[in-house]
1. If I ask for residues that are among the small types (Gly, Ala, Ser), open to solvent by 60 Å² or more (accessible area, probe 1.4 Å) and within 26 Å of Thr150 (Cβ to Cβ), which ones from the stretch 170-219 would you list?
2. If you take the residues of the stretch 1-40 that are under 20 Å from the mean Cα position of the chain (by Cα) and polar (S, T, N, Q), which of them is surrounded by the fewest Cβ atoms within 10 Å (Cβ to Cβ)?
3. Is one or more of the residues making up the stretch 60-79 within 20 Å of Thr123 (Cα to Cα), open to solvent by 80 Å² or more (accessible area, probe 1.4 Å) and out of contact with any Gly (no Cβ under 6 Å at 6 or more places or on another chain)?
4. Could you figure out which of (1) open to solvent by 10 Å² or more (accessible area, probe 1.4 Å); (2) in contact (Cβ under 8 Å) with a residue 12 or more places away in the chain isn't true of Gly43?
5. Quick check, is Glu136 under 30 Å from Thr95 (Cα atoms), open to solvent by 60 Å² or more (accessible area, probe 1.4 Å) and within 29 Å of the chain's Cα centre (by Cα)?
6. Kindly check whether there is at least one residue in the stretch 155-169 that is more than 24 Å from Met6 (Cβ to Cβ), outside any strand (DSSP E or B), open to solvent by 80 Å² or more (accessible area, probe 1.4 Å) and hydrophobic (A, V, I, L, M, F, W, C).
7. Restricting to the stretch 136-165, name every residue that is among the β-branched types (Val, Ile, Thr) and under 24 Å from Ala20 (Cβ atoms).
8. I'd like the full set of residues that are among the charged types (D, E, K, R) and over 17 Å from Arg8 (Cβ atoms), limited to the stretch 113-137.
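The values are calculated or read from the model by the stated rules, or taken from the named source; none is laboratory data. These figures come from a predicted structure and were not determined experimentally. Heads up, the Cβs are rebuilt from the backbone with ideal geometry, glycines too, and the neighbour counts pull from every protein chain shown. The area values use the complete protein model at the heavy-atom level, side chains included, leaving out ligands, DNA and RNA. Shrake-Rupley method; radii C 1.70, N 1.55, O 1.52, S 1.80 Å.
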Amino acid sequence: ALLYGMSRELAATRSLSNLARVAVKHVAETFASRAVVLVPEDGRLRHPRSPAIAGSLRGADLSIAQWVFDHGAPAGLGTDTLPGAPAQYLPLKGTRHTLGVLAVEPSQRRRLLLPEQRHLLETFAGQIALALERAELAEEAEVARVTAETESLRNTLLASISHDLRTPLAVIAGASSALNDPSLRFEEATRAQLTASIEDKAREMSDIISNVLDLMRFE
């Protein structure tokens, strides 16, 4: 029932910080302990930056946690690695890689030394890892969606700019070709009109390119 209660609340939570808070609340209540979920930043585990809640473990040993994260094996209280530590550190393993570390410091050490309690804690850790992986996959999907939309917008913009440049360029090419054709004779007014159109369209292209340079400075 305790495991189901935590899993149901995790399933309704989205952000990573809120997932960690939900996990800490349920682990602390179930095992009469203080707990913390440590997640990596650039490959190194960091203490949470969010405000502490009831049951939060502050000052977890990051060196032990990092070892657990790197090796994917538990350490600390009740394990074969650094059993004298006051807290137990469990890797939060996803299907692709280790997502973080759950550190639990019980108010009574015996709580985590009982086999059934340790097994229950490992099950809790597994559910927390699944929730973290779901959040990670959702974030990756959102990044992929935004990237696809950005690429589509870029392609549409480039097509529009190409069309806008092609029109004045065609006028410039046509007028200049006519003026350079020795077989054609133009009245002064017609010649002035052709040169004026070249100048106008060149200025129009210059404005378009200026706008493109402005766009390049935008994110």
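1. Residues satisfying the conditions do not exist here.
2. This residue is Ser15.
3. Taking every residue of the stretch 60-79 in turn, at least one turns out to be within 20 Å of Thr123 (Cα to Cα), open to solvent by 80 Å² or more (accessible area, probe 1.4 Å) and out of contact with any Gly (no Cβ under 6 Å at 6 or more places or on another chain).
4. That leaves (2) as the condition not met.
5. Considered against the rule, which asks whether it is under 30 Å from Thr95 (Cα atoms), open to solvent by 60 Å² or more (accessible area, probe 1.4 Å) and within 29 Å of the chain's Cα centre (by Cα), Glu136 comes out as no.
6. yes
7. Within the stretch 136-165, Val143 is the sole residue that qualifies.
8. Hits for the stretch 113-137 are Glu116, Arg118, Glu122, Glu133, Glu136.
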